[in-house]
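What follows is calculated from the coordinates using simple rules that are stated; it is not laboratory data. Everything numeric in this text was worked out from a predicted model, so none of it was measured. Please note: Cβ atoms are built from the backbone with ideal geometry, for glycine as well, and neighbour counts cover all protein chains shown.
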Amino acid sequence: MKFYRLLVPVSGDGADKEVIELACKMAKEVKGKVFVVYVIQVKRSLPLDAELVSETQKAEEVLSRAEEYAEEQDYEVETDLLQTREIGPAIIDEAMERSADLILLGMGYRKRFGQFELGETVPYVLKYAPCRVLLLRLPLL
């Protein structure tokens with residue numbers, strides 16, 4: 001199976017490096033494109049275009065690291081910063097807008113109340129994605 005347009009949402013956690021490396025390797029085989037996005041979730045009490053300095057600064061650092069990870073793979077990625085109310089729908093919209101063949105999600109092993117948990121974004125993307133979705137969960141520590 002070949003994927004020419006890969007969308008990789010990043011969050012700044014430990015899975016980012018691995019998913020970007022994997023996306024670059026997959027895209028390199030077919031001379032595809034990798035789109036890396038960071039989504040800032042804006043609270044409903046704020047306007048959607050509010051200037052969130054600390055969040056924007058973190059996002060720019062994460063995207064800069066993503067470009068470095070891609071450079072290590074000798075591949076160039078396109079990065080984008082999105083500001084939205086809900087992360088899942090923003091990822092789906094971005095996948096449709098970029099005609100993605102694959103959304104490559106990375107996540108650590110998260111527990112909540114003693115149980116493994118996917119959070120809100122992963123199930124949403126799995127349910128509504130217009131393309132294939134690959135989930136890379138980091139191993140237990």
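Results for (1) among the aromatic types (F, W, Y); (2) touching a helix residue (DSSP H, G or I) at 6+ places or on another chain (Cβ under 6 Å); (3) surrounded by fewer than 18 Cβ atoms within 10 Å (Cβ to Cβ); (4) farther than 16 Å from V10 by Cα, shown as yes or no for each residue.
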| position | (1), (2), (3), (4) |
| --- | --- |
| I91 | no, yes, no, no |
| A100 | no, no, no, no |
| Y109 | yes, no, yes, no |
| Q115 | no, no, yes, yes |
| Y128 | yes, yes, yes, yes |
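Scanning the stretch 1-59 for residues that are in contact with a Ser or Thr (Cβ under 7 Å, 6 or more places away or on another chain) and surrounded by fewer than 13 Cβ atoms within 10 Å (Cβ to Cβ) turns up nothing. Take V62 and tell me if it is of a type in the set (V, I, T), closer than 16 Å to K17 by Cβ, part of a helix (DSSP H, G or I) and touching a residue at least 12 places away in the same chain (Cβ under 8 Å). Yes: the conditions hold for V62. Within the stretch 29-37, can one find any residue that is outside any loop (DSSP other than H, G, I, E, B), farther than 22 Å from Y109 by Cα, out of contact with any strand residue (DSSP E or B) (no Cβ under 9 Å at 6 or more places or on another chain) and of a type in the set (D, E, K, R)? Yes - at least one qualifying residue is present in the stretch 29-37.
On the stretch given as the stretch 97-141, residues that are assigned to a helix (DSSP H, G or I) and of a type in the set (F, W, Y) total 2.
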